[in-house]
Amino acid sequence: MSPGPLEFLVLPALAPDQAEAVGRTLAGMDPWQTLGYGAEALGRGLQTVNPDLTRYLAQRDGETLGVAMVRQPWLRGAYIELFAVLPGAQGQGVGTALLRQVEAAYLGRTGNLWLLVSAFNTGARRFYECQGFREIGLIPDLVVPGQDEVLMRKVLPSGPTSVIFPRKS
């Protein structure tokens with residue numbers, strides 16, 4: 001029997017049991033492991049309702065394969081606060097499909113998507129660059145001393161904040 005199609009859920013928050021399970025998985029993965037994020041804190045962040053946060057889940061046959069948490073508004077756009085493809089689902093197009101879902105949700109609503117990626121996370125940086133994100137700047141020691149974060153931006157077409165106004169002479 002072949003696996004079912006990839007499905008996407010848009011939620012204000014994850015259910016506590018689901019948030020705890022995803023939090024445990026993320027805590028054992030980089031960058032969260034290297035940066036010292038614990039399972040409890042990650043789980044709490046996934047289940048706390050906040051009107052500025054939306055969670056996106058990629059699932060197949062009821063199994064969570066990827067998760068994104070997006071904050072809007074943020075710097076004339078939306079900020080991808082958390083983006084992860086869980087082990088076992090990496091390299092199968094889940095991340096690309098999940099990111100496309102996030103982009104589609106904000107297309108026409110905002111002109112920018114923002115994210116931070118750990119400088120040591122070269123695979124993620126390469127993935128985001130292939131998806132059209134560009135490095136804006138390096139933020140040293142943002143999360144923990146000795147680890148830098150890279151601010152990245154993707155300009156979305158036809159967004160209300162992607163209009164470039166001419167400078168006054």
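The values are calculated or read from the model by the stated rules, or taken from the named source; none is laboratory data. This one's a predicted model, so the numbers in the text were calculated from it and none came from an experiment. Every residue, glycine among them, receives a Cβ derived from its backbone with ideal geometry; neighbour counts consider all protein chains shown.
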Taking into account only those residues within segment 124-169 that are in a loop (DSSP other than H, G, I, E, B), small (Gly, Ala, Ser) and in contact with a strand residue (DSSP E or B) (Cβ under 7 Å, 6 or more places away or on another chain), which is modelled with the lowest pLDDT? Ser162
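Restricting to segment 101-112, and then to whatever is hydrophobic (A, V, I, L, M, F, W, C) and crowded, with 18+ Cβ neighbours inside 10 Å, can you tell me which residue is nearest to Val67 (Cα to Cα)? Steps first, answer last, please.
We begin by selecting, within segment 101-112, every residue hydrophobic (A, V, I, L, M, F, W, C); these are 102, 104-105, 107.
Narrowing the set further to residues that are crowded, with 18+ Cβ neighbours inside 10 Å leaves 102, 105.
Values: Val102: 10, Ala105: 15 Å.
This residue is Val102.
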For a quick check of your reading of the model, give me the residue pairs whose first member lies in segment 62-74 and is without any contact (Cβ under 8 Å) to a residue 24 or more places away in the chain, whose second is not polar (S, T, N, Q), with beta-carbon atoms closer than 8 Å and at least 6 apart or on different chains. Arg71/Asp52; Arg71/Leu53; Arg71/Ala78; Arg71/Tyr79; Arg71/Glu81
Can you tell me how many residues within segment 75-94 are charged (D, E, K, R) and in contact (Cβ under 8 Å) with a residue 60 or more places away in the chain? 1
Only one of these is within 26 Å of Ala41 (Cα to Cα) and touching a residue at least 24 places away in the same chain (Cβ under 8 Å): Val155, Val117. Name it. Val117
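Restricting to helices (runs of 4 or more DSSP H) lying wholly in segment 1-83: which have 1 or more residues that are of a type in the set (Lys, Arg)? Step through it out loud before you land on a result.
On the way: elements: 16-27, 32-35, 39-47.
Correct list: 16-27, 39-47.
For Val49, state whether it is under 25 Å from Gln33 (Cα atoms) and surrounded by 14 or more Cβ atoms within 10 Å (Cβ to Cβ). Walk me through it before giving the result.
Numbers: under 25 Å from Gln33 (Cα atoms): yes; surrounded by 14 or more Cβ atoms within 10 Å (Cβ to Cβ): no.
Answer is no for this residue.
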Filter segment 123-147 down to the residues that are exposed (fewer than 15 other Cβ atoms within 10 Å of the Cβ) and in contact (Cβ under 8 Å) with a residue 24 or more places away in the chain and list them by number. Val144
Select, from Leu115, Leu98, the only residue that is crowded, with 19+ Cβ neighbours inside 10 Å, at pLDDT 90 or above and in contact with a Gly (Cβ under 6 Å, 6 or more places away or on another chain). Leu98
Please verify whether segment 38-58 includes one or more residues that are aliphatic (A, V, I, L, M), under 19 Å from Gln131 (Cα atoms) and out of contact with any Pro (no Cβ under 8 Å at 6 or more places or on another chain). yes
